[in-house]
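Notes follow once the structure below has been shown.
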Amino acid sequence: MKQLLSKVVLYLSSLLLAAVHGTHYRIYGFQPQRRYIFPPMVHGSAVLPVSRPSVLASPPYIASPRHKPEPRTIQVQPPTDTACKSRPMDLVFIIDSSRSVRPQEFEKVKVFLSNMIDTIDMGEKATRVAVVNYASTVKIEFFLKTYFAKAAMKMAISKISPLSTGTMTGLAIQTALEEAFTEASGARHPSLNIPKVAFIVTDGRPQDKVQDISVRARAAGIEIYAVGVDRADMQSLKLMASEPLDDHVFYVETYGVIEKLPSKFKETLCGIDFCVPGRHDCEHSCVATDASYYCKCHDGYKLNPDKKTCSRKEEVRKIVEKEDPCKCEALVEFQRKVNTYINSLSTKHIL
């Protein structure tokens with residue numbers, strides 16, 4: 001009897017488990033057991049096995065393959081030298097710091113000066129730079145002989161303070177002529193033919209005369225560029241600047257734009273380098289001059305008639321004339337001359 005009862009209980013338990021694990025399991029408040037099959041993970045070129053547990057608890061998780069990321073190409077710009085390396089200059093900046101120039105605007109003027117310095121090749125034997133600061137009074141911030149390194153000069157420019165009074169532009173030009181462009185201040189001797197260039201930056205109308213002193217400065221060989229900002233008087237700019245005015249007078253509406261002017265002045269100050277690759281067609285090497293260039297060949301080569309290409313020099317064979325050891329030809333010629341002379345004398349005597 002007990003054995004029969006045990007079999008009945010076992011049979012009923014099996015039916016109960018089957019009912020709970022059937023398709024209507026949710027009515028009993030149980031969560032199903034789920035099986036998941038994972039694809040292998042990809043790591044580079046190796047396929048790594050993944051452990052596959054038979055049962056994962058909810059919530060379900062589906063693994064995704066890990067792909068090797070695409071390589072990124074980083075564009076590396078080659079270093080460029082923005083400074084021109086042509087003719088040296090004695091360059092003086094004459095900057096207006098009158099009260100019409102607001103402090104934040106004057107800071108932009110200093111940025112303009114720093115950017116201009118970056119575009120030129122500075123040095124004791126290259127371009128020398130001085131800065132003249134003016135308002136009602138004039139202050140030479142540093143002379144042509146003061147700095148030859150860009151970093152030190154840019155640091156000095158960052159420390160310049162505005163004078164914040166009137167606008168004595170004529171007095172500033174006179175100070176530059178009589179003090180900044182002198183040999184004692186670092187200007188080169190006229191015999192060296194180093195160009196003297198002045199850059200005037202102003203936003204107002206001069207309160208003194210500029211025409212006469214500008215004529216004196218230009219007559220002394222100073223090339224003057226006039227840059228007007230905002231309220232600058234165009235007529236005064238034209239009286240100050242060198243000819244042709246189209247190349248020496250500039251106007252910008254705001255000080256925010258003046259920071260972009262150095263790139264415009266770069267070619268003007270640098271001149272044209274005729275030996276830049278792509279600008280000449282010399283086969284071997286190019287030698288630049290002030291107005292043009294000429295081609296030169298390497299050692300062992302000669303320049304062809306087209307003045308561009310080169311060809312290897314041929315060995316020159318020296319032809320040595322053999323000297324007549326007995327001087328026969330000379331004796332024959334001497335005898336001929338003597339005979340001619342004797343015949344002439346005989347003829348005269350007979351006559």
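Within the range 188-209, the set of residues being open to solvent by 10 Å² or more (accessible area, probe 1.4 Å) and β-branched (Val, Ile, Thr) comprises just one member, ILE194. When residues in the range 113-149 are screened for being within 14 Å of ASP90 (Cα to Cα), open to solvent by less than 50 Å² (accessible area, probe 1.4 Å) and either among the polar types (S, T, N, Q) or free of Cβ contacts under 8 Å to residues at least 24 places away in the same chain (or both), 2 of them pass. Here SER292 passes the criteria (1) modelled with pLDDT of 70 or more; (2) open to solvent by less than 80 Å² (accessible area, probe 1.4 Å) except the one numbered (1).
Looking only at helices (runs of 4 or more DSSP H) that fall completely inside the range 237-286, which ones have 2 or more residues that are modelled with pLDDT under 70? Let's see the steps before the verdict.
On the way: elements: 245-248, 255-258, 261-270.
Ranges flagged: 261-270.
For first residues located in the range 172-186 and touching a residue at least 60 places away in the same chain (Cβ under 8 Å) and within 17 Å of ALA226 (Cβ to Cβ), partners that are of a type outside the set (Ser, Thr, Tyr) and assigned to a helix (DSSP H, G or I) and lie 6+ apart or on another chain with Cβ distances below 8 Å form the pairs ILE173/ILE213; ILE173/ALA217; ILE173/MET240; ALA176/ALA217. Residues in the range 141-173 that are farther than 21 Å from SER100 by Cβ and either among the β-branched types (Val, Ile, Thr) or touching a strand residue (DSSP E or B) at 6+ places or on another chain (Cβ under 9 Å) (or both): PHE142, PHE143, LEU144, LYS145, THR146, TYR147, PHE148, ALA149, LYS150, MET153, ALA156, LYS159. The set of residues in the range 215-230 that are among the β-branched types (Val, Ile, Thr) and either touching a residue at least 12 places away in the same chain (Cβ under 8 Å) or at positive phi (or both) comprises ILE222, ILE224, VAL227, VAL229. For the range 199-240, a residue qualifies if it is over 14 Å from GLY170 (Cβ atoms) and touching a His at 6+ places or on another chain (Cβ under 8 Å), and the qualifying residues are GLU223, TYR225.
With respect to (1) modelled with pLDDT of 50 or more; (2) open to solvent by 50 Å² or more (accessible area, probe 1.4 Å), the lone exception for ALA152 is condition (2).
The values are calculated or read from the model by the stated rules, or taken from the named source; none is laboratory data. In this text the structure is predicted, and so the values were computed from the model without any measurement. So basically every Cβ, Gly included, is an ideal-geometry build from the backbone, and we count neighbours across all protein chains shown. The area values use the complete protein model at the heavy-atom level, side chains included, leaving out ligands, DNA and RNA. Shrake-Rupley method; radii C 1.70, N 1.55, O 1.52, S 1.80 Å.
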